[in-house]
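Peer 1: Below is the structure I would like to discuss, written out as structure tokens.
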Amino acid sequence: MVQAGRMPHALLFSEQSGCGALPLALATIQYMFCRTRKAIASGEDNPLVKGLFGDEPDNLPVDDSCQVCSSCIKVRNLTHPDFHFIFPVNTTQAVEKGKKVAIDAYYDIFRELVKKNPYFSEEDLYKAMELDNKMGLIGVSEASWLINRLSFSAYEGGEKVVLMLFPERMNLEAANKLLKSIEEPTEDTYFFLITNAPGKIIQTIRSRCRLIEVPPIAKDDLAKAIAEKYKMDGKEAGLWASTAQGSFGRAMQLIESSEGEEEDFEDFSTLMSLALDKDLPALVGFGAELSRRGKESQKNFCRSSLKILRQMYMLKLGKENLAYLNPTQAEAIRLLASRLKGENFSRYYELFNSTIECIERNVNAKFIFSDLCNTLFLNT
């Protein structure tokens with residue numbers, strides 16, 4: 001699209017978390033800004049090209065950015081003056097002692113996170129900003145900040161690009177404020193939106209964007225990347241690639257085996273074991289402990305539970321090759337799956353999805369997890 005001069009004014013990348021939409025978007029944006037690419041496309045005898053690649057270059061970049069011009073370096077470092085970022089934020093002690101500030105005050109945290117792991121999840125972003133028990137939001141103040149920035153001419157006289165992460169966290173007021181900018185942008189202004197939940201984006205915004213679905217990474221490619229990053233043999237890397245289901249971000253989380261993930265697995269096992277043992281007092285007491293977690297931690301527990309339920313259901317169907325079991329948890333999952341009835345799994349899935357929705361709607365956590373425990377007790 002860039003080469004043909006048919007770049008849409010707004011692109012919406014949809015992916016399962018960690019499958020590479022952000023690296024893809026950043027590579028495209030860098031290609032758009034690349035001064036060498038523009039010089040080659042113009043067909044002129046440009047001194048920039050000679051300065052970077054010599055008088056008779058035989059290795060000019062054709063299908064990618066040059067990586068070495070000033071624009072490529074600035075985009076790669078996320079410091080280009082005509083490249084703006086929008087993502088969900090909230091007050092945090094990590095920025096201006098918890099005061100409400102403009103979104104660019106969070107940019108250093110964002111740059112460091114992208115540099116460390118461009119396959120990061122929404123939860124990783126909130127952890128980096130130290131939001132603790134708060135949800136991120138793209139609100140009116142962020143929309144107003146962006147509109148103000150876009151009202152100025154491009155600092156370097158070319159494109160202006162906006163990268164928006166998790167637009168599903170944008171409220172209605174902010175969406176209405178940005179609608180005209182996305183629908184009728186000024187010349188050479190482009191929007192890149194990246195989402196894990198396109199159905200939750202306000203329809204008026206979604207309908208103005210060209211949708212690009214980023215598929216899961218092929219198993220062999222993912223295994224190769226895992227083996228290279230963690231110095232593993234091919235067989236072990238292949239097991240982790242199967243478990244991650246095409247998400248490099250998920251693979252890194254699993255391999256690095258964070259404390260939180262191990263805790264989620266143990267808590268799910270405890271929850272289901274208490275329900276199977278019909279120990280209602282202990283089950284409700286354990287639900288009260290879960291209700292004291294932060295919102296993101298509660299949601300992450302429910303998401304982990306949904307993945308474990310899927311793995312167990314595949315085992316019940318005799319499809320272990322589709323279960324993608326975590327090698328360190330495989331035996332415990334098999335044992336728990338053997339105690340559950342196959343006909344109950346659809347009800348469990350509905351229950352944990354409903355719990356996530358209630359958390360996002362700020363329903364009282366004690367009510368949410370009390371209901372979860374009671375329903376599990378009645379349906380297990």
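The values are calculated or read from the model by the stated rules, or taken from the named source; none is laboratory data. Just so you know, these numbers come straight off a predicted model, no measurement behind them. Here the Cβ is made from the backbone with ideal geometry for all residues, glycine too, and neighbour counts use every protein chain on show.
Peer 1: If you check residue 265 against the conditions, is it surrounded by 16 or more Cβ atoms within 10 Å (Cβ to Cβ) and either within 21 Å of residue 133 (Cβ to Cβ) or modelled with pLDDT of 95 or more (or both)?
Peer 2: Values: surrounded by 16 or more Cβ atoms within 10 Å (Cβ to Cβ): yes; either within 21 Å of residue 133 (Cβ to Cβ) or modelled with pLDDT of 95 or more (or both): no.
Spelling it out, it is not the case that residue 265 is surrounded by 16 or more Cβ atoms within 10 Å (Cβ to Cβ) and either within 21 Å of residue 133 (Cβ to Cβ) or modelled with pLDDT of 95 or more (or both).
Peer 1: On to the next question. Name the one entry in 262, 289 that is farther than 20 Å from residue 358 by Cβ and either free of Cβ contacts under 8 Å to residues at least 24 places away in the same chain or not acidic (Asp, Glu) (or both).
Peer 2: Details: 289 fails: farther than 20 Å from residue 358 by Cβ.
When all the criteria are applied, what remains is 262.
Peer 1: Look at region 290-308 and say how many of its residues are under 17 Å from residue 373 (Cα atoms) and among the charged types (D, E, K, R).
Peer 2: Count: 4.
Peer 1: Any idea how many residues of region 9-41 are more than 28 Å from residue 226 (Cβ to Cβ) and in a helix (DSSP H, G or I)? It would help to see each step written out before you state the result.
Peer 2: Filtering region 9-41 for residues more than 28 Å from residue 226 (Cβ to Cβ) gives 9-12, 32-41.
Still in the running and in a helix (DSSP H, G or I): 32-33, 35-41.
Looking only at that region, the number is 9.
Peer 1: Something else now. Out of (1) in contact with a helix residue (DSSP H, G or I) (Cβ under 9 Å, 6 or more places away or on another chain); (2) touching a residue at least 12 places away in the same chain (Cβ under 8 Å), the odd one out for residue 344 is which?
Peer 2: (1)
Peer 1: Would you point out the residue of region 238-260, among those that are more than 17 Å from the chain's Cα centre (by Cα) and crowded, with 22+ Cβ neighbours inside 10 Å, that is modelled with the highest pLDDT? Reasoning before the result, please.
Peer 2: From region 238-260, those more than 17 Å from the chain's Cα centre (by Cα) are 238-243, 255-260; that's our starting set.
Imposing the further condition that a residue be crowded, with 22+ Cβ neighbours inside 10 Å reduces the set to 240-241, 243.
Working: 240: 86, 241: 89, 243: 82.
Taking the candidates together, the pick is 241.
Peer 1: Let me ask you something else. Collect the residues in region 315-324 that are buried (at least 18 other Cβ atoms within 10 Å of the Cβ) and assigned to a helix (DSSP H, G or I), keeping them in residue-number order.
Peer 2: Result: 315, single match.
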